[in-house]
Structure formats: structure tokens, C-alpha cells
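Report on the structure given below.
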């Protein structure tokens, strides 16, 4: 048995490893290399070739944001404001006798109520009502007097043209859109209705800019039909007094048609509009001079100076 010595070189150390060699083994063969030494040398060489790893940035933790949960508030019961149209507490319904009595008083005070929109014929009435959306009757009348003097038919309105119509009604809110609707409805009247205002709700509502309220006003004022046009005044009076409460204009309209006797329906919407415009005001209702103060269900009404 022969002893062979192998010197292993590393980066920082130098040492000799003794290895036994079986007897009779030839000396012509190169000595076997130690696997452990080869492994260390390979790792050392690879380490020299590889670039140094980038220094890792130390993550800094941000301070946790203060978590604030939603603040729970105790809801207070809604208190109806003075002059509000719809009340949270249901009012005692009117009896048929009370409804009749209310309109008897309205008729006695104003036997022939008239609408305040100035017009010359069904067509100009239609135009005036379309223009009256989100505007006052006084403002509409001021703008349409000169317009209707030169354009009181669909054909004349088309000849005038949209640009000139705008000039006449520019003092009215949304005048550009309304001028476009007036020209469009005039074209449709000539194309589909021989230039005449249709006598049906569906026909009127098919016209540009015309809705249910417009149809009700035109059918009532131009053709004498028993329709109920619900504007902001009628809606307020019906809800505040408790005569026909409802959450939407359509609901109020249908309830008023059910409770008002047919003999009063021709002028009913005019009486209610005028009552809301001049007596049952939105902010400061004039309860002292109200014709139906004693019948009204509004809990905030005042009884001073009521009618005898």
C-alpha cells in the first residue's frame, strides 16, 4: 500500500491531503482527484465569474394609517317643512260632500276661470304650453306676443325659421331647445295632421316637446274636454290640502279625476292652479283668506281671519 500526497490549493488555504493507493497499482496513471476538492474549486471559480449580487434594499414599513370606521348616526324622524307638498303623515281623506263644497265655493268666487297663457288659436296655445316648461306665464306672454303676431300657423312658423324663432323667445329659459321643438312640431303637424292640432292625447303627445300635461291643457282649453293638467301648483294644493294626495303628477291627476264631480271638471284645473298660484303659496300660504280653510287638512294651517 502506497501513500500519495495531493496538494489542494484554495483561495485562502493550502493544505496537503494523504491518499492511500493499493499495492501493485501502476504509476503511469494520473492520480484520481478528490471529489471534494473538485467541488470546492468549481464553486470558487464560478464565484469569481459571477457578478456580485446587488445589495437588497431594506424595506421600510410605513406607519399604518389610522383606520376610522363610518360614524353611525341616529336618524331623526323627518319633520315636514312648512309649505311642503307631500306630508309624511297620511291625512284624513275628504268626503265627497267636502270636495263638492270646495268647488261650489271656487265656482261662486270665479264662475269662468281662464288660463293665463295668451294665445290666438289651438296652434298658438300648443306652442305657448310647450314654451311654458320651467317658465312663468308672464314671461311666456311677453315673448310670444310679437311671435304670434307674425306666425300663428305651422306654415308661417316654418317660414320664419328656427333662427328667428330663437330671437323672439331668447328671454325664455332653454330657448334654443324650445325653438328647435317648435319648428319640429310645426313640421310634423303639416306632414301628419294637415296643419291642425290633433284632438287626441296620443296625437298631441307624439309632437316634439309635448307631454301629458301639454296634452291635458290643450284638450281642455282648446277642445273643452274634461282633463286635469297637474302642474306644480295643482300638485301642491292636492297634497297639502289632502284632497288628492299622490307622489307623482300622474297619481294626483288620476285621484283628482276620481273625486271631483263631473259638473266641475271643465274648469277644475284652472280653479286649482289659480288657488295655488295666488292663495296656497309654496312658502307662505295665505290661509287667512283661503276659501277652503275649514276643509283643508294641512296641520300647519292658520285659522285667523277665516271666512265666515
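The table that follows gives values for the structure above.
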quantity: Scan of the stretch 247-272 for residues that are surrounded by fewer than 21 Cβ atoms within 10 Å (Cβ to Cβ), assigned to a loop (DSSP other than H, G, I, E, B) and touching a residue at least 24 places away in the same chain (Cβ under 8 Å), ordered by number; calculated: 247, 261
quantity: Of residues in the stretch 273-296 being under 32 Å from the mean Cα position of the chain (by Cα) and without any contact (Cβ under 8 Å) to a residue 40 or more places away in the chain, the one farthest from residue 99 (Cα to Cα); calculated: 278
quantity: Verdict on residue 223 being touching a helix residue (DSSP H, G or I) at 6+ places or on another chain (Cβ under 6 Å) and in contact (Cβ under 8 Å) with a residue 40 or more places away in the chain; calculated: no
quantity: Selected residue (only one of 144, 214 is within 28 Å of the chain's Cα centre (by Cα) and closer than 25 Å to residue 229 by Cβ); calculated: 214
quantity: Boolean, residue 173 is exposed (fewer than 14 other Cβ atoms within 10 Å of the Cβ) and free of Cβ contacts under 8 Å to residues at least 60 places away in the same chain; calculated: yes
quantity: Qualifying residue in the stretch 79-95 (condition: at pLDDT 95 or above and part of a helix (DSSP H, G or I)); calculated: no
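Here is a yes/no grid of residues against (1) at pLDDT below 95; (2) within 21 Å of residue 266 (Cα to Cα); (3) assigned by TED's automatic domain parsing to the domain that holds residue 259; (4) not in a loop (DSSP other than H, G, I, E, B):
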position	(1), (2), (3), (4)
149	no, no, no, yes
159	no, no, no, yes
171	yes, no, no, no
183	no, no, no, yes
190	no, no, no, yes
198	no, yes, no, no
204	no, yes, no, yes
219	no, yes, no, yes
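The values are calculated or read from the model by the stated rules, or taken from the named source; none is laboratory data. Just so it is clear, the model here is predicted, and its values are computed rather than measured. FYI the Cβ positions are ideal-geometry reconstructions off the backbone, even for glycines, and counts take in every protein chain you see.
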